[in-house]
Every structure is written in structure tokens, then in C-alpha cells.
Amino acid sequence: MTSGSRGTAVRMGVLALLWGSGFLWIKLALNHGLSPLQITVARCVLGAAVLLAIALASGARLPRDRRTWGHLVVAAFLCNALPFFLFGLGEQTVDSSVAGVLNATTPLWSLLIGIGLGTERGLRPVRLGGLVLGFAGTLLIFAPWQRSGLFGWGALALLGAAVSYAAAFAYMGRTLTGRGTEPLALSAAQLVTASGLSILALPAAGGLAPVRADATAVVAVVVLGIFGTGFTFFLNYRLIADEGATSAATVGYLLPVVSVALGAVVLGEAIGPRVVLGMLIVLAGVAMTRGRGRTAQEPGARSVSGSVSVTSVSATPSVTAAVGEAVSDCRR
């Protein structure tokens, strides 16, 4: 193995660990005194601080026009503030391992949205089959026909987070990417905006209640914000720049595996064979949907095929490669 390939493997492993462990840190923060909205605020603020520092050190300048900031408000809500809150809300009743598995459905929703918007054309049967297979795996995970199934408001909140990511990818691909703003600066600006949105929501969602967090909760949100939200974007940015979107996409398939393993080892979460089978089916469906198809984007545009991830798996080929360079930890 060459030194370059070893470096790529190390970065992919670190990314998978940091992103996949995000669900564990959320669970720990919840269990030790923080509310979903308090976690969201801390995560956005700390992540924004990291990205701002990196952007300033590299000489990147934040956007200055009102139109871009207007689009950033929508993107920050859909890609950061809302899904971050929904993950905290969902994990109040659902295991962190299951949260990671349900997050893996993001590319399926991205493809479905692309079909609805007309940006996905000439879909091959294998991609449509992957879409059906992926949602069949999701249904197996929920198992609404069983009393022991996961169908409930917590799981629906987690699924809502995945849908929100997918909608964000579609929106950013149409309004923010390829507009001349440095991707690193755009991402920093997006997390700054998400910080403002989440802080404004504090009075409405009980976020101003006294903080009763212990040391474990503090460590959890610090790791989640600084590493799981800030540094992971920079690592993913470098991975895409150095190795291309395909290598970055591979990380997405490791996230649910990491979340399941950490949930079992650290929290003692028991994940049944039905959920494991559902996860494998979802990942197989996602792999099938990643085949190239004709889209409404420019003929020469590169397919991201999954390079957009935040605490998430990855986006679908309907999203341009520029999105992958601009998203500030939308996964995930």
C-alpha cells in the first residue's frame, strides 16, 4: 500500500469514526442533563467557531451579499438547525445505533426529491430498484406490524432529520454552489447562521431552562461540536479535494456500522437481527441508487455520488460536486 493510499485510508477512518460517533455523543449529552435544543446550540456554535478559525487562517472571506445570506438562512435551517434538533429529539426514545441506521436513508430521500423536482431523468431500472429496496429496508426497521417495532414519534423525528438533509442538498445545489464563494467560507457562514437560528429558538423550546449538565454532557457536546461538526467538514473537504467524491462517498457506508458498534460497546444497546437486516438492505439500496443516470444538471458536471454527508450518509448524483465542497457537516 502506498503512503498516499494509507493517508486516504486514515482520513476515511477518522471521518467515519467522528461522524458515526455523533449519535453516541448526542445520546450521552441527553442522558447527562442537556436538552435537544441545548445540544443543537452548543453543536452549531462550537462547529462555527472551528470553521471560522480555519476560514480566517486560510484567508477565505465570508459572503457579503444579502441574497447569499438569505439562501444561507434556508440552508442552515434545513441542513443544520432542524436535523440537529430532530436527532436530539429522536434519541430521547430511540437508541443511538438506530439513529445512525435511519440516517443512512438520506440518499434515498435525495433521489426521491430529485425525481419530484425533475432533476433525475432517464433513471435506470437498477436505480429505481435500489430506491424501492432501500425503503423496504426502512420499513423493516420500523416494523409497524410488531409491538416491538420502532414505529413511534422518536423514530419519525430521526427519519425527518434524514429528509431535511435531503431537502437541504437539493436547495443548496440550486442556490448556493458554484456562485463564486469559497466553499470553506460558505460553510462557516452557514454554521454561523445555524447558530443564530438555534439561539433564537431557545425561548420557544424550553432551551432557557437551567442547564443541569454534568461533566460527561459537557465533554460530549464539546467533542460533537468541535470534532464531529467542525473538523470533520475540513477533513471531508480535503478528502474530496485530494481523492475525489468517490472516496468521500465510501465513508457514508461506514457511518451506520460505526454507530451500531459504538452503541453496543459503549452504551450496551441491543440491536436485533431485524434492524441489522434492515440496515444491510438500506445500504444495498443506496449502493444501487448511486449508479450514474441522466440528470438535469450541466452535461459536464461531475456527479457527487455521495460526497455530501453530515452526520449523514451521502447525497445522490443529482447534487453537483460543488455541494460536497460547500456543506458544513450536514450528516450526519
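General observations
- Among the residues here, Leu108 does not qualify as touching a helix residue (DSSP H, G or I) at 6+ places or on another chain (Cβ under 6 Å), of a type outside the set (Ser, Thr, Tyr), touching a residue at least 24 places away in the same chain (Cβ under 8 Å) and surrounded by fewer than 24 Cβ atoms within 10 Å (Cβ to Cβ).
- With respect to being without any contact (Cβ under 8 Å) to a residue 12 or more places away in the chain and either part of a helix (DSSP H, G or I) or not small (Gly, Ala, Ser) (or both), Val10 fits the description.
- Among the conditions (1) of a type in the set (Val, Ile, Thr); (2) open to solvent by 10 Å² or more (accessible area, probe 1.4 Å); (3) under 26 Å from Val265 (Cα atoms), the only one that Val74 does not satisfy is (3).
- In segment 261-287, the residues that are assigned to a loop (DSSP other than H, G, I, E, B) form Cβ pairs under 6 Å with partners that are not hydrophobic (A, V, I, L, M, F, W, C), at six or more places apart or across chains, as follows: Glu269/Asp95; Glu269/Ser97; Glu269/Gly263; Ile271/Ser97.
- Condition check for Thr40: more than 18 Å from Gly225 (Cβ to Cβ), polar (S, T, N, Q) and crowded, with 16+ Cβ neighbours inside 10 Å: no
Okay, residues lined up against (1) touching a Leu at 6+ places or on another chain (Cβ under 9 Å); (2) farther than 26 Å from Arg212 by Cα; (3) surrounded by fewer than 24 Cβ atoms within 10 Å (Cβ to Cβ):
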position: Ala29; (1), (2), (3): yes, no, no
position: Leu51; (1), (2), (3): yes, yes, no
position: Pro63; (1), (2), (3): yes, yes, yes
position: Ala81; (1), (2), (3): yes, no, no
position: Phe85; (1), (2), (3): yes, no, no
position: Gly100; (1), (2), (3): yes, yes, no
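- Residue check for Ala55: part of a loop (DSSP other than H, G, I, E, B) and not aromatic (Phe, Trp, Tyr): no
The values are calculated or read from the model by the stated rules, or taken from the named source; none is laboratory data. Since the model is a prediction, treat every value here as computed from it, not as a measurement. Please note: Cβ atoms are built from the backbone with ideal geometry, for glycine as well, and neighbour counts cover all protein chains shown. Surface accessibility is based on the protein's heavy atoms, side chains included, excluding ligands, DNA and RNA. Shrake-Rupley method; radii C 1.70, N 1.55, O 1.52, S 1.80 Å.
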